[in-house]
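*Asks:* So that we are looking at the same thing, I have put the structure below in structure tokens.
The values are calculated or read from the model by the stated rules, or taken from the named source; none is laboratory data. This one's a predicted model, so the numbers in the text were calculated from it and none came from an experiment. Cβ atoms come from the backbone with ideal geometry, glycine included; neighbour counts cover every protein chain shown.
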Amino acid sequence: MRSPFRRSLSYAFVTTLIVGGLYGTSMSSASGHAIIDLEGQDAVVGATSAMKLEIQHGCAGDKPGVIEVQAFVGKPWRKISPLPVAGWTSEVKRQKKGGFHVTWKNQGNPIAFGTPVFFPMKVSWPKKPGTYGMTVFQQCPESSTLWNTKFTPATANAPSPPLTPLPEVEVMKRPTG
């Protein structure tokens with residue numbers, strides 16, 4: 001039987017796929033962020049290059065420690081291949097409606113609050129230029145965070161940047177010349 005969280009998470013991702021990005025609502029607030037680092041190389045249409053996903057910190061509470069990180073990308077992303085991370089296992093699944101679901105599971109020591117974790121990977125970028133999002137989920141023993149809130153200007157009821165911003169990457173046109 002699937003847990004209520006898995007059902008709601010699956011439902012949220014199926015119902016919120018929008019032009020290469022995944023958007024939804026936050027499950028908890030966080031002061032850290034999920035960050036995409038292109039390691040000094042632009043993402044170029046149709047090319048394959050390195051990307052690093054950074055989770056800025058473990059969870060707070062009596063039982064800190066990230067036990068799992070998941071990343072979801074939409075159909076335009078052509079391929080994602082996680083590279084080895086000491087103390088973590090990884091798995092990639094193709095989504096039924098396109099895109100990928102990458103899961104990293106912690107096999108080592110708990111990640112202390114304030115300690116970043118880096119997940120390097122190779123990515124085959126979409127074939128069209130544009131901004132593409134990567135929804136990221138962090139699971140800890142007593143809490144979780146879902147980074148999926150699209151950046152918007154601050155309003156009376158919403159800060160900017162949001163508490164759980166959607167990490168995004170700008171895929172550039174292939175240079176000419």
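*Asks:* Can you tell which of Gly133, Gly98 is at positive phi, surrounded by 13 or more Cβ atoms within 10 Å (Cβ to Cβ) and either in a strand (DSSP E or B) or at pLDDT 85 or above (or both)?
*Replies:* Gly98
*Asks:* Related question: Filter the stretch 105-125 down to the residues that are assigned to a strand (DSSP E or B), within 15 Å of the chain's Cα centre (by Cα) and either of a type in the set (Ser, Thr, Tyr) or under 20 Å from Glu168 (Cβ atoms) (or both) and list them by number.
*Replies:* Val117, Phe118, Phe119, Pro120, Met121, Lys122, Val123
*Asks:* Still on this structure, please answer the following. Quickly run through the stretch 136-172 and pick out the residues that are of a type in the set (Asp, Glu) and either assigned to a strand (DSSP E or B) or crowded, with 18+ Cβ neighbours inside 10 Å (or both).
*Replies:* Glu168, Glu170
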